[in-house]
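Remarks on the structure that follows.
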Amino acid sequence: MLDKYKDLNLVSIDATRIYCCSAEDSEPASISLDSPALSVMTDLKQRPAVTISPTQSIDSALELMNSARVRMLIVADDTGHVFGILKASEILGGTPTRIAHDDAIPRADIQVSRLMLPVANLHALTLDEVASARIGDVVLTLSHLGEPDILITQSSGDETQIRGILSVSEISKELGLNFDVSSRAHTFAELERAIINS
């Protein structure tokens, strides 16, 4: 089923000059795995990024996620400089308990910076790569990565912006299919089985 799709080219993110872009507006359409990947990208020019300061508490981050109905925050300062991302799974996992125990501090004192995934450790796709990709290409790429979402970057001169986010949960919702990418699929057959069995 996915043998006609391709893995997309990942890029490294330069942590020194990366910022979030500002929002604009757009409309949804009927989609399939063959539809353009841009049709399911959360475009940060149309929908503002949900960001949090690295010095905020992880409990504040979880409250923000719940109120914004997102499972991931972009960690940035007041100027928009991006330091990384914070996923709900990190906050809800065992790491906060370990940090609180090891550092002898209350959980409420754990800062976002302690749990975030730094920019240097993140995978990304360029907007140009996504512009020529189909949704099936994104699903295959995320399945090979074993990641539920990926950042989309756009460069201008020596500055890079996070232009968008591609999320398996958003793709699943739009297509009415359930894609489980938590365990990496190494072959098309494994990915097809994961889709069919979901």
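Name every residue in region 4-55 that is of a type in the set (A, V, I, L, M), in contact with a helix residue (DSSP H, G or I) (Cβ under 8 Å, 6 or more places away or on another chain) and at pLDDT below 80, in order of residue number.
Within region 4-55, Ala15, Ile18, Ala29 qualify.
Between Leu145, Leu127, Leu122, which is within 25 Å of Cys20 (Cβ to Cβ), surrounded by 14 or more Cβ atoms within 10 Å (Cβ to Cβ), at pLDDT 95 or above and under 17 Å from the mean Cα position of the chain (by Cα)?
Working: Leu145 fails: at pLDDT 95 or above; Leu122 fails: at pLDDT 95 or above.
Step by step, each of Leu145, Leu127, Leu122 is checked, and only Leu127 is within 25 Å of Cys20 (Cβ to Cβ), surrounded by 14 or more Cβ atoms within 10 Å (Cβ to Cβ), at pLDDT 95 or above and under 17 Å from the mean Cα position of the chain (by Cα).
Could you check, for region 180-190, whether at least one of its residues is modelled with pLDDT of 85 or more, exposed (fewer than 15 other Cβ atoms within 10 Å of the Cβ) and out of contact with any strand residue (DSSP E or B) (no Cβ under 6 Å at 6 or more places or on another chain)?
From region 180-190, those modelled with pLDDT of 85 or more are none; that's our starting set.
Scanning region 180-190, I find no residue that is modelled with pLDDT of 85 or more, exposed (fewer than 15 other Cβ atoms within 10 Å of the Cβ) and out of contact with any strand residue (DSSP E or B) (no Cβ under 6 Å at 6 or more places or on another chain), so the answer is no.
Which ones in region 50-59 are in a strand (DSSP E or B) and among the β-branched types (Val, Ile, Thr)? Write out each step before concluding.
Applying the first criterion (in a strand (DSSP E or B)) to region 50-59 yields 51-52, 57.
Hits for region 50-59 are Thr51, Ile52.
For region 60-98, what are the residues that are in a helix (DSSP H, G or I), within 14 Å of Leu115 (Cα to Cα) and in contact with a Lys or Arg (Cβ under 7 Å, 6 or more places away or on another chain)?
Of the residues in region 60-98, the ones in a helix (DSSP H, G or I) are 60-68, 88-92, 95-98.
Those left that are additionally within 14 Å of Leu115 (Cα to Cα): 60-62, 88-92, 95-98.
Answer for region 60-98, where residues must be in a helix (DSSP H, G or I), within 14 Å of Leu115 (Cα to Cα) and in contact with a Lys or Arg (Cβ under 7 Å, 6 or more places away or on another chain): Ala88, Pro96.
The values are calculated or read from the model by the stated rules, or taken from the named source; none is laboratory data. This structure is a prediction, so every number in the text was calculated from the model and none was measured. Here Cβ is always computed from backbone atoms with ideal geometry, including for glycine, and neighbour counts include all displayed protein chains.
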